[in-house]
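The values are calculated or read from the model by the stated rules, or taken from the named source; none is laboratory data. Every value quoted in this text rests on a predicted model; they were computed, and no experiment measured them. Backbone-built Cβ (ideal geometry, glycine too); neighbour counts: all protein chains shown. Heavy atoms of the whole protein, side chains included, go into the accessibility calculation; ligands, DNA and RNA do not. Shrake-Rupley method; radii C 1.70, N 1.55, O 1.52, S 1.80 Å.
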Amino acid sequence: MSSSVRPASSDFLSRLTAIVGADNAIADPAEQAPYLSEWRDLYMGRTPLIVKPASTDEVSRVLALANAEGVGIVPQGGNTGLVGGQIPRETGCDIVLSLKRMRRIRAIDPAGTAMTVDAGLTLADVQDAARKAGRMFPLGLASEGSATIGGNLATNAGGHQVLAYGPTRSLVYGLEVVLADGQVWDGLRTLKKDNTGYDLRDLFVGSEGTLGVITAATLKLFPEPDERTTAFVSLPSLDALLPFFQLAERRAGAALTAFEFMCDLIVSFVVQHIPGTRHPLADDAPWFVLLELSGAEGSTATPMERLLGEASEAGLVSDAVVAQSLTQAEVLWKIREAASEAQKGEGGSIKHDISVPIARVPELLVKAGEAVQRVCPGARPVPFGHFGDGNVHYNVSQPTGMARADYLALWDAMAHAVHDVTVSLGGSISAEHGIGRLKAAELVRVKSPVEIELMRRLKTALDPKGILNPGKLLAP
Ligand code: FAD
């Protein structure tokens with residue numbers, strides 16, 4: 001596929017520049033720099049040009065031209081992706097197409113159930129616009145100030161609200177997508193029910209810019225709960241995690257809108273490295289849970305109190321603090337949200353974004369811990385994540401004192417070991433971050449040949465010249 005992708009000629013670059021305007025075509029390496037490296041510093045790309053179209057029509061003309069010339073296009077939103085999908089290859093041939101100038105709110109449905117926005121609007125701006133309309137868009141990520149809704153859709157982003165509202169895929173009615181040859185598919189519908197053949201929308205969601213460029217989306221809006229009650233809880237052992245979650249589900253039902261777990265080491269990293277944080281409880285438990293109940297006014301505080309009382313009597317919870325104000329809730333959430341950032345203070349970190357059936361999370365944590373020690377004795381696992389979705393960020397910090405580069409050289413061996421455990425438990429090697437470049441080789445290793453072949457056929461049908469995000473997701 002990507003073998004047909006060619007370097008860009010200077011005539012081609014001039015014609016691209018003419019489409020978006022000289023002010024929106026970046027060729028200067030210093031100006032390009034922020035678009036060519038990513039949050040984890042794993043990839044550093046090269047490109048002859050970054051183009052920043054302002055409209056669907058401009059995206060369409062860019063793609064039609066690139067397709068005719070056979071030049072690779074890398075869609076980029078907020079550049080917060082964690083698997084390198086948004087970074088052009090080091091070959092320096094691919095053009096970066098940044099959606100950042102496309103940030104209009106196109107329409108809000110009079111009933112307040114749907115909002116149509118350009119793909120380059122940041123998630124924080126989407127949430128804000130929903131709030132101003134008296135509604136809520138429930139997707140929430142620590143990267144929301146920069147991540148765009150187009151990127152969220154292209155990666156089918158998760159976050160801590162998935163338990164109650166599902167991943168981004170569940171939060172969208174319809175899409176507008178520019179295809180590889182420049183044709184525009186207008187699928188901006190607002191229908192809850194639509195059984196008219198293959199689900200094209202779901203094909204593009206999670207396709208990481210390899211099947212089309214998402215230029216707009218019609219998003220689902222929800223009523224904002226009147227109140228939330230947030231608690232930070234310590235557990236006496238790993239064995240308490242699943243029964244505590246089951247009890248919370250039984251007692252709170254649909255009001256349980258978050259159930260995030262953290263090991264003791266990650267909480268201590270946060271307290272040590274993130275200014276303005278402190279441990280909410282005594283620092284002597286092995287596991288912690290941040291849970292939240294949401295609902296109508298007066299409906300969450302008493303059930304939380306009862307739940308924690310019952311869990312404590314059953315020996316599932318050792319200690320708990322319940323936020324008494326929004327500010328206190330934010331302080332508790334900061335601990336969870338700073339978990340990724342805090343690992344930077346401990347040197348190299350090898351990350352695995354994996355999922356297994358919920359009942360198997362404890363087994364995963366034990367077996368992955370053993371596998372990691374076989375690859376690198378002394379490595380420090382710092383698992384945390386969305387327990388209610390079976391999604392574990394099984395991140396592993398380097399042994400104290402080891403050189404960062406020596407440790408990161410073990411990435412593939414460790415990923416194999418952790419992914420093998422995951423797959424043996426019926427799990428997935430990417431729960432919410434996608435495949436990108438980081439996991440392209442692993443995808444082929446763990447998926448069945450039939451599944452990979454089906455994906456390749458879809459890719460070839462929609463992008464016969466392989467110009468869309470070459471080298472990502474489906475490695476050549
Ligand atoms: P980019 O990084 O720019 O791109 C990501 C991928 O999508 C690339 O393959 C790119 O080619 C493609 N793409 C981007 N825009 C488009 C488009 N319009 N059309 C087609 N393809 C496109 N992710 C989670 O799921 N859950 C989390 O809780 C979470 N927390 C995070 C916390 C931090 C601190 C950071 C840095 C990242 C986190 N992420 C999380 C990862 C990241 O924020 C998400 O993957 C996000 O959805 C990416 O959006 P973006 O606009 O930055 O996309």
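Here are some pairs, Lys447/Lys472; Lys351/Lys447; Lys100/Lys447; Lys351/Lys439; Lys52/Lys344; Lys100/Lys439; which of them have Cα atoms lying more than 22 Å apart in this structure?
The answer is Lys100/Lys447; Lys52/Lys344; Lys100/Lys439.
Relative contact order for the chain using alpha-carbon pairs under 8 Å, separation at least 6, rounded to a whole percent?
Once divided by the residue count of the chain, the mean separation gives 17 percent.
Calculate the length of the line joining the C-alpha centroid of segment 436-476 to that of segment 212-265, in whole Å.
33 Å
With every protein chain left in place, what is the accessible area per residue of segment 1-122 in square angstrom, probe 1.4 Å?
Per-residue value: 41 Å².
What's the percent breakdown of Cα-Cα distances in segment 244-379 across 10 Å bins, shortest bin first?
10, 36, 37, 15, 2, 0
Taking the chain as the reference, fit the longest principal axis to its C-alpha atoms, fit the long axis of helix 56-69 to the helix C-alpha atoms, and give the angle between the two in degrees, 0 to 90, nearest 10.
On a 0 to 90 degree scale, this one is about 60.
Show Asp186, Asp125, Asp353 ordered by accessible area, largest first, where the area counts protein heavy atoms only and the probe is 1.4 Å. It would help to have the intermediate numbers written out before the result.
Numbers: Asp186 100, Asp125 75, Asp353 5 Å².
Correct descending sequence by accessible area is Asp186, Asp125, Asp353.
Solvent-accessible area per residue for segment 176-307 at a 1.4 Å probe radius, Å²?
On the way: 5890 Å² over 132 residues.
Dividing the accessible area of segment 176-307 by its residue count gives 45 Å².
To the nearest 10 degrees, how steep is helix 449-462 against the longest Cα principal axis of the chain, on a 0 to 90 scale?
That works out to roughly 40 degrees.
Give the peptides 333-346, 80-93 in descending order of average Cβ contacts within 10 Å, highest first.
Values: 333-346: 19.6, 80-93: 22.3.
Ranking the peptides 333-346, 80-93 by packing returns 80-93, 333-346.
Kindly rank 173-184, 364-375, 68-79, 392-403 from highest to lowest mean number of other beta carbons found within 10 Å of each residue.
Most protected by this proxy first, the peptides run 68-79, 173-184, 392-403, 364-375.
Averaged per residue, what accessible surface does segment 338-476 expose to a 1.4 Å probe, in Å²?
38 Å²
Using Cα centres only, tell me the gap between segment 1-71 and segment 291-350 in whole Å.
44 Å
Sorted by packing (mean other beta-carbon atoms within 10 Å per residue), highest first, where do 201-214, 18-31, 127-140 land?
Ranked by mean Cβ neighbours within 10 Å, highest first: 201-214, 127-140, 18-31.
Taking the chain as the reference, fit the longest principal axis to its C-alpha atoms, fit the long axis of helix 241-252 to the helix C-alpha atoms, and give the angle between the two in degrees, 0 to 90, nearest 10.
90 degrees
In deg cm²/dmol, rounded to 500, what helix-only [θ] at 222 nm does the chain give when every DSSP H run of at least 4 residues adds -39500 (n - 2.57) and the total is split over its residues? Don't skip to the end; give the middle numbers.
Working: 17 runs with 165 residues, N = 476.
Result for the chain, helices only: -10000 deg cm²/dmol.
Taking the Cα centre of each part, how many Å lie between segment 110-127 and segment 415-429?
Computed from Cα coordinates, the inter-centre distance equals 36 Å.
If I take every Cα pair under 8 Å that is 6 or more residues apart in segment 153-231, average their sequence separation and divide by the length, what percent do I get for the relative contact order?
Rounded, it is 37 percent for segment 153-231.
Using a 1.4 Å probe on the protein chains only, how many percent of the accessible area of the chain belongs to carbon and sulfur?
Carbon and sulfur together cover 52 percent of it.
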